[in-house]
Amino acid sequence: MTRPTASRRSFLLKGALGGAAVTVGLPILDLFLDNNGTAFAKAAGGGALPIRFGTWFWGCGMIPERWLPTTTGANYDLPVQLAGIKPVQQHISVLSGFDVNLDGKSNLPHVSGNIGVRTGGVADDWRVIRAPTLDVLIADSIGGGSVNRSLDLSADGNPRTSYSYRDGASMNATVPTASELYAKIFGADFQDPNKADFKPDPRYMARKSVLSAVGEQRRALLTRVGASDRQRLDQYFTSVREMEDKLALQLQKPPRAEACMVPQAPAAIKAGTDLTDFEARKANHKLMAEMLAMTLACNQTRVFNMTFSNSAADLRQAGNPTGYHQSTHEELIDAKLGYQPTVDFFATRCMEAWADLVQALASVKEGDGTLLDNTLVLAHSDCSFAKNHEVSRIPMMLAGRAGGRVKPGLHIKGGGDPVTRVGLTVQQVMGVSVDAWGLDSMHTTRPISEVLV
Amino acid sequence: MGSLANGYWKQGGVAASLVLVAGMSTAADAPTGARPDVHAFVLSNIWFASPGEPANALPLNDGGVEIFYKSLSPEEQAKYATSDKRQALEQEMARRLGFKIAAPGRSKTPAGIVPGAMLTPEQALEIGALNGFPKGRGKPTYQNRTAAYTSCTNPEDFPALAEGFRTYDGPVAMGMNLDGKVTREDFVGPNGEKGVDNQLWRAFGRVKVFRESGNEAIAKKSFMSMGAPTIVEISDVDDMRNDPQVTVKVYASSDAVTRDPRGQALQRVSYTIIPDRQLQSTTTGSIRDGVLMTEPVDLRLQYKEQIVDAPREIRAARIRAEIREDGTIEGELMGYYSLASIWDLIEQMTQAGANSNQISCPGLRRALDEVADGYMDPKTKKYTAISAAMKFVGVRAFAVMPEQRTAELGS
Amino acid sequence: MKLKSRLVAGSGLLLSAVLAMTAVVGFDRATAREPEADAPSNVRRLTEAQYRSTIADVFGPDIKVVGRFEPDLRVEGLLAVGTTAVSITPAGLEHYDAIAHGIAAQVTDANHREKLVGCAPNAQDVDGAQCAKSFFARVGPRLYRRALAPAEIRALASAAVSSAKLVGTFDGGLSTVLAGMMTSPEFLFRIDAPGKGGAQVDGYSKASRLSYFLWNTAPDEALLKAAANGALDTPEGLAKEVDRMMASPRLTDGVRAFFADFLRLDDMATLTKDTLLYPAFSPAVAEAAREQTLRTIVDHVVTRDGDYRDLFTSRRFAMTKALGPIYDIPVSKSGWYIHEFPENDPRSGLLTQASLLALHSHPGRTSPTLRGVGTLEILLCQKTPPPPPDVNFSVVQDVNNPTLKTTRERLQAHLTNEQCATCHRATDPIGLALEQFDGAGTFRTTERGDRIDVSGKFERQDFNGAAELGKILRQSPRVSSCLVSSVWRYANGRDPGPADAADVEAMKRRFTDDGYRVTALMRTIALDPEFYAYSRPQPSPEPKRQASQDKKGRNS
């Protein structure tokens, strides 16, 4: 099957819905799924090297006066809280001044901003997601060609720290430590893409056929239940189908990945290690970032989400009774310094961790450049100034060149435009067939052309 | 935590009435905070107290291996000059001096001795006889599972290794005046106290490993005999700052010292005491301005560290300790350390241990015998104990009796 | 090529199917996947605890269940209610699959196969089909919680035989199919089937509801038999099984499961405290504190069949050595025992259990607000609205303030600022009563040198300290009413609708008459015909086809 997925999909969708553009992702349950997704891989890649996408999240924002660059365009100035990204600044674009519009809905602390950025809409109830998160949409589009449609990671040891949702009840749980990441990717089922001899393992055939039998129960079951139960069971069957496809991939020789090197298994985290301690968190995150880089280089996934700290930023310093989040609300602005020193400390540390991730991707040589050159990462927080849970001027950054489709190293000011312009841009760059995105007043048709090549 | 202790420092009256009420209600156990008149502590380390000078403030004694090396001819010395030849040097020393090791199962074993079983002294001699040990020589070592004949099992056979061993003759040492006299061989304490009896330090004071382990900053953070700690329980306390009459019990436990997530000893853990009466002692004491001082009492403190299991016998021991509001205790234990238990400690170190710690067993043994000053045996006219001072640190704990063997309600 | 032409030809069908899909998906409406109010759900995902106990019952407790579970979702305060809201994500299914393969491998290994499989291919049964049939006939009904038709058993056996050919060993084939069963929706979900007449669920569904409610595990052989022969469809038959299950020691498992969910004790698994400020708190201590609370409750409501309200004043605490440092008491017994604090001791009642005290605190200090909100929300079923997003704390919270030493003093602004006071007046006094217990649950009388004031008012009654507050809560009708509605919601896995209101009210009255005994309440629910009502699904369009089902042989 050589027809590029993007146009085939748009053909189908436009035909089916009379030309109206689709603004939500449909579950892959339907006919859009190829045999084994290789067409997806090729189309979105556009060439030999696949393009990857990822999100990086840190909680509790920043202090605008100390984070926002003043000059725009290339070679932007680096304010104090961004000092940590200096070694990788040339790879990073800063997108400032983009707002989440609440349209009169409640500002749910540490929820609205995050959901606004990732789903393009806000809701009044913390449990409600009005659209899937953009990483899910991108994974639906390009993730089918990989062993893992997407990879959800968190650095805090907690598998519930995830902002990847298909809907309000289906959060994609994360892999929260480096050793579990290793076991999942490079463990027993890992197929080294560069191993010369390849023999399909009959166990995968057996497992696939068993799963297929499971899938066949679908019709009978769905007729027995009501509408909302049907949705839930359908989601389950989609997951079954995805596993089948994954097993099918195991039966094929994986495409060669020149940069792939199986890393050493990392040590498991010592029992009792407090991952809310920022040093421990940064260390676990760095290890996970390096493992993630190799995961991407070995084509085990094309889409990832890394949550450095949850939106209520549970980071702490040992011995300090007040952690990051509490400090954002409770710490007085120091009269001499003019800002909250503890908050400043943690915000700066988060930016250093972001630089660790970017560096990890930039350290892997791939093709004529690096892994980062073939990746696009969107970093963002849930708010700007956390003291008041401000969802205007949400800090966002892009890293990587997305295979040459994106210009890195720029500072773009949003001037109050909705954050969905960023979400739309990244989806288009990654080949999702969408020309508008966002709900209510955040609905937009304008990507950020300054970063597009 | 300090604020909890405050409750007992200042509100003794209230606490006492809690105890009364507790006594009245049936089937009720300890109140929150347990009995206010009992304060127990688990000791994380008991070490030979050093007066505080740096370890290399004065020339240190050579260990057995160094003495042996110096006895070699220049040509031979050249063969073993570099540190990578150290092991070969030790082996040459063992060969030339005639050390022997025989482990049942690996060496000729008399009938009836099972490899790996604990050996009695008689069995060690039997094994020795079968494996070429000198007549009548051979002792159980390595946790009593191996028979050995070395300069540490029989120091008296190797006088050459005792050559040049110097005792410490500095003026200052830790401790107290145990015999009431002020003589020429006494020290002055760090605070100027006269007549301090600490002959042990005379023997140890120039041995590198003892000088170093006396470094307080390190000693306070180290755990020794962690699996077999000592518990000190102070009871009948009406006032933790000043009380003319309190009871002090010293116990042993086989519960390992519990550490908190930071690696320090956790406070308020319950330790089951060993019922063996030999490991229990009781004495009286008084507290003045927060410092406890006890009457003399004979102690037998368990000490199990790595391969060493050498209980410390200390006669007429006195405990002087500062009890702090933060739940910690720091103090000294001063008395007459029995020579038999010190010899046992040194012997269990093994020749290998002595070699790696730069110790000459014959030198140390001779020095101890020479400077010992306590409990003269009327028959042999030799002293059997030596004045010593040890320091300790600990944290608040609970000493509990072993469970009754009756059916418990359980949950 | 085939795919394309079929698509073009079927685009009309595709259009309607896609439109139907869009309507069903409903992303443009602001609702989550909550069970629709007019049609309670019939599909409940097994919780992690239920999965584990089911496997232990079917294959024995020494089978290790290893892996990560898809997190359970807490809806309206209960994981049990979340079971009707969740599905299974792709990553989650991968985990279930891995866990299932681990279990299946153990079932067929040398240590277990004799007992659990008990047969092998031999001269009379060369490919092992008979053996496989007998195995699935035995194990299938236990895993799927219903009878299996002979055709189903035959299909499973033949799948095992073909898998065996692929992987090379009979055991390999058997375990592959067994793993598939544990990945099947009939295992992972409890799906109700209608009984005769359609008003109630069928016998097997009743058995599942009853068993997961009273014992938190799958129905045992006896209960499955009662379902098969229709006994559960008669009041006498149902009562007999309920009596049997309530008299069993396994009732403890069900009671523990309810209270662990109700009190949200699963959060203790991820609870961390600052190690410098609370060195006595560790993950092992957190686990012990959780266990303590559950054992304390079981001792009271099961072993002694006591009055639920007394949990708020009881000084009987399950105790073990690991908790000695937190409670500052000597512990001489090994294992668990019941420790009774003396009369007038500040430790008194559920609110002074270390688990709840530590859960509703920050990692480095206490939080009267969190404790107050927790008490109100969990134990009184009273929701507190979230704080406004633009709260400005710049005047209020400075821990090192030399004049505002205690937490009470630092929280003054909660009460003087009218915007804050509306909520904080209700929440803070409860938490302030508990301030003598620090963030790890240890008792103290002063904070930074100042005596802690634990006086306050609740529902217009004065109290001084946690013990007196416990007495007031004991008398509050809201406390017992909240328990009844929580047990109802737990058992049914959903919130009550308008049709259930009368039923729930009757249960509250009955609970009072029965002396507030939790076991009596559980029996009432287990015998209530409404508990077994079938929720008729609305008629639906034909489910959209999946590509795989239209092309034979594509996936083999």
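For this structure, a couple of remarks:
- Across chain C: Cys residues that no other cysteine approaches within a C-beta distance under 4.7 Å: C:C420, C:C423
- Probe 1.4 Å, protein heavy atoms only - accessible area per residue of segment B:64-162 in square angstrom: 55 Å²
- Trypsin sites (Lys or Arg not before Pro) within segment C:115-207: DSSP coil, no more than 11 neighbouring Cβ in 10 Å: C:K196
- Over segment A:180-269, Cα pairs under 8 Å with separation of 6+ residues give a relative contact order of 52 percent.
- Packing around the peptides A:199-212, C:344-357, A:139-152, taken as the average count of other Cβ atoms within 10 Å per residue, puts them in this order, highest first: A:139-152, C:344-357, A:199-212.
- Alpha carbon convex hull of segment A:161-302, projected area averaged over orientations, nm²: 11.1 nm²
- Neighbourhood charge, 13 Å Cβ-Cβ cut-off, centred on A:L452 and excluding it, Lys, Arg +1 and Asp, Glu -1: +4
- Surface/4 estimate of mean projected area, convex hull on alpha-carbon atoms of segment A:201-251, nm²: 3.1 nm²
- Partner lysines for C:K333 [C-alpha distance under 17 Å; skip if fewer than 8 residues away on the same chain]: C:K321
- Dividing the summed helix terms, -39500 (n - 2.57) for each DSSP H run of n ≥ 4, by the number of residues in chain A produces a 222 nm estimate of -10500 deg cm²/dmol to the nearest 500.
- Placing dummy labels 7 Å off each Cα toward the beta-carbon, the span from C:K240 to B:M293 is 8.3 nm.
- Cα centroid separation, segment B:172-230 to segment C:62-137 (Å): 65 Å
- Chain B - Kirkwood radius from inverse mean 1/r over Cα pairs (Å): 23.6 Å
- Across the cross-link table entries A:K184/C:K273; B:K208/B:K379; C:K273/C:K457, which are compared at the Cα atoms, the separations over 32 Å belong to B:K208/B:K379.
- Scaled against 2.2 N^0.38 Å for its residue count N, the alpha carbon radius of gyration of chain A is 0.96.
- Estimated translational diffusion coefficient (Stokes-Einstein, Kirkwood radius over Cα pairs, 4 °C, 1.567 mPa s) of segment B:263-328: 91 µm² per second.
- Reach of B:K70 by Cα under 15 Å, taken over aspartates and glutamates that are not fewer than 8 positions away in the same chain: B:D62, B:E90, B:E92, B:E163
- Estimated translational D of segment B:64-162 in µm²/s (Stokes, Kirkwood radius over Cα pairs; 20 °C; 1.002 mPa s): 148 µm²/s
- Two-decimal log10 I(q)/I(0) for segment C:266-474, as the Debye equation yields it once each C-alpha is a single scatterer, q = 0.18 Å⁻¹: -1.39
- The mean count of C-beta atoms from other chains within 10 Å of the C-beta of residues in A:244-250, rounded to a whole number, is 2.
- Kirkwood Rh in Å, taken over segment A:307-360 so that all alpha-carbon pairs contribute: 12.0 Å
- The largest-to-smallest principal axis extents of the Cα set in segment C:41-102 are 35, 24, 19 Å.
- Average projection area in nm² (convex hull over Cα atoms of segment C:71-208, one quarter of hull surface): 10.5 nm²
- Calculated [θ] (222 nm, deg cm²/dmol) that DSSP helices of n ≥ 4 give over chain C, each run adding -39,500 (n - 2.57): -14500 deg cm²/dmol
- Under conditions of 20 °C and 1.002 mPa s, segment C:222-364 yields 126 µm² s⁻¹ as its translational diffusion coefficient, taking Rh as the Kirkwood radius over Cα pairs in the Stokes-Einstein equation.
- Membrane-span-like helices in chain B, defined here as complete DSSP H runs extending at least 24 Å along the helix axis by their C-alpha atoms with mean Kyte-Doolittle hydropathy no lower than 0.0, are absent; this is a sequence and geometry rule, not a statement about a membrane.
- Here chain A is treated with +1 on each Lys and Arg Cβ and -1 on each Asp and Glu Cβ, and its dipole about the Cα centre works out to around 1240 debye.
- Disulfide-incompatible cysteines by the Cβ rule (no partner under 4.7 Å) in chain A: A:C60, A:C350, A:C383
- Percent antiparallel among DSSP beta bridges (both partners in the protein assembly as shown, rounded to 5): 80 percent
- Environment charge of B:D373, counting only residues whose C-beta is closer than 9 Å and scoring Lys/Arg +1, Asp/Glu -1: -3
- What the Kirkwood sum gives for segment A:70-209 is a hydrodynamic radius of 18.9 Å, with every pair of different alpha carbons counted.
- What the Cβ-Cβ distance of B:T247 and B:S356 gives, at R0 = 60 Å and to the nearest 0.05, is a FRET efficiency of 0.90.
- Using C-alpha pairs below 8 Å separated by at least 6 residues, the relative contact order for segment B:64-162 is 24 percent.
- Qualifying aspartates and glutamates (Cα of each under 12 Å from Cα of C:K206; at least 8 residues distant if same chain): C:D192, C:D233, C:E241, C:D528, C:E530
- Ratio of Rg to Rh over the protein assembly as shown (Cα coordinates, Kirkwood Rh, two decimals): 1.01
- Square roots of five times the Cα gyration tensor eigenvalues for chain C, Å: 48, 28, 25
- With a threshold of 31 Å on the Cα-Cα distance, the over-threshold entries among A:K282/B:K221; A:K270/B:K391; A:K282/A:K413 are A:K270/B:K391.
The values are calculated or read from the model by the stated rules, or taken from the named source; none is laboratory data. Being a predicted model, the structure only gives us computed values, none of them experimental. Counting neighbours? That spans all protein chains shown, and the Cβs are built from the backbone with ideal geometry, glycine included. Just so you know, the surface numbers come from the protein's heavy atoms only, side chains and all, with ligands and any DNA or RNA stripped out. Shrake-Rupley method; radii C 1.70, N 1.55, O 1.52, S 1.80 Å.
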